[in-house]
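Structure record follows, encoded as structure tokens.
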Amino acid sequence: MLSTLVTVQTGEAALAGDLTVPDQASAVILFAHGSGSSRHSPRNQAVAATLRTAGLGTLLIDLLTPEEEAEDVATGRHRFDIDLLTRRLTGSADWLAARTEHLPIGLFGASTGAAAALATAAERPQDVRAVVCRGGRPDLAPDQVLARVRAPVLLLVGGRDEVVLQLNRDAASRLQAPHELRVIPHATHLFEEPGALDEVAAAAARWFTSSVHPRR
């Protein structure tokens, strides 16, 4: 198994990430963290561990620099800057594609990172083969972006996260790619209820395993 700390140069910023690729991995999943989160998020770390058990590599990356993260904690300035997050994520996808030529790429987006994941999927259809959004805000991606997504999309939302659930329903109606909206019963936005995050991780692993295909 390859496990290493990496620095991803996206052109406008150097981003820190954790790349882990099991032997005989079938794909690599790039994580797009959301509002006020980072690659150290316990929730995304838990999902990543499940994906690796299923034979998928993971790249958890901070889309903000330490200075930007500190500013965002104080002001919330960057977390809803979907254009910025998309540029960073697309640059990270390009970096990953150049180093894993034989492996397809999937995207896992949480919260506002879901909009960036869908925008990157629209920008890089030849590389991104599947998308999973957890408690995401796909509604923050413009309609023309959602219409250009070609990768299969799984939207995972807590049943008690009523506002976000409706936002996901609205966004799903604008997707033209194969997609599924799956509700985790009794879960709230952060999936803190017993077993809720396990359901998310298992569903994501199944989606990526069944959807990703080798790049040509």
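For the range 52-63, how many residues meet the condition of being surrounded by fewer than 24 Cβ atoms within 10 Å (Cβ to Cβ) and not hydroxyl-bearing (Ser, Thr, Tyr)?
5
Of all residues in the range 1-49, which are within 14 Å of the chain's Cα centre (by Cα), among the hydrophobic types (A, V, I, L, M, F, W, C) and closer than 16 Å to residue 191 by Cβ?
31, 46, 47, 48 - these are the residues of the range 1-49 that are within 14 Å of the chain's Cα centre (by Cα), among the hydrophobic types (A, V, I, L, M, F, W, C) and closer than 16 Å to residue 191 by Cβ.
With the checklist (1) surrounded by 15 or more Cβ atoms within 10 Å (Cβ to Cβ); (2) over 19 Å from residue 87 (Cβ atoms); (3) at pLDDT 95 or above in hand, flag the one item residue 49 doesn't pass.
Residue 49 satisfies all of (1) surrounded by 15 or more Cβ atoms within 10 Å (Cβ to Cβ); (2) over 19 Å from residue 87 (Cβ atoms); (3) at pLDDT 95 or above except (1).
Can you name the condition, by its number, that residue 39 falls short on among (1) crowded, with 18+ Cβ neighbours inside 10 Å; (2) touching a residue at least 40 places away in the same chain (Cβ under 8 Å); (3) closer than 21 Å to residue 198 by Cα?
(2)
Any residue that is within 14 Å of residue 38 (Cβ to Cβ), assigned to a loop (DSSP other than H, G, I, E, B) and in contact (Cβ under 8 Å) with a residue 60 or more places away in the chain - is there at least one of those in the range 87-101?
There is no residue in the range 87-101 that is within 14 Å of residue 38 (Cβ to Cβ), assigned to a loop (DSSP other than H, G, I, E, B) and in contact (Cβ under 8 Å) with a residue 60 or more places away in the chain.
So, in the range 8-29, of the ones that are among the hydroxyl-bearing types (Ser, Thr, Tyr) and either at pLDDT below 95 or at positive phi (or both), which residue ends up surrounded by the fewest Cβ atoms within 10 Å (Cβ to Cβ)?
Applying the filter and picking the extreme gives 26.
For the range 30-38, indicate whether the set of residues that are under 17 Å from residue 98 (Cβ atoms) and modelled with pLDDT of 85 or more is non-empty.
yes
The values are calculated or read from the model by the stated rules, or taken from the named source; none is laboratory data. Predicted, not measured: the structure shown is a model, and the values here were computed from it. Every residue, glycine among them, receives a Cβ derived from its backbone with ideal geometry; neighbour counts consider all protein chains shown.
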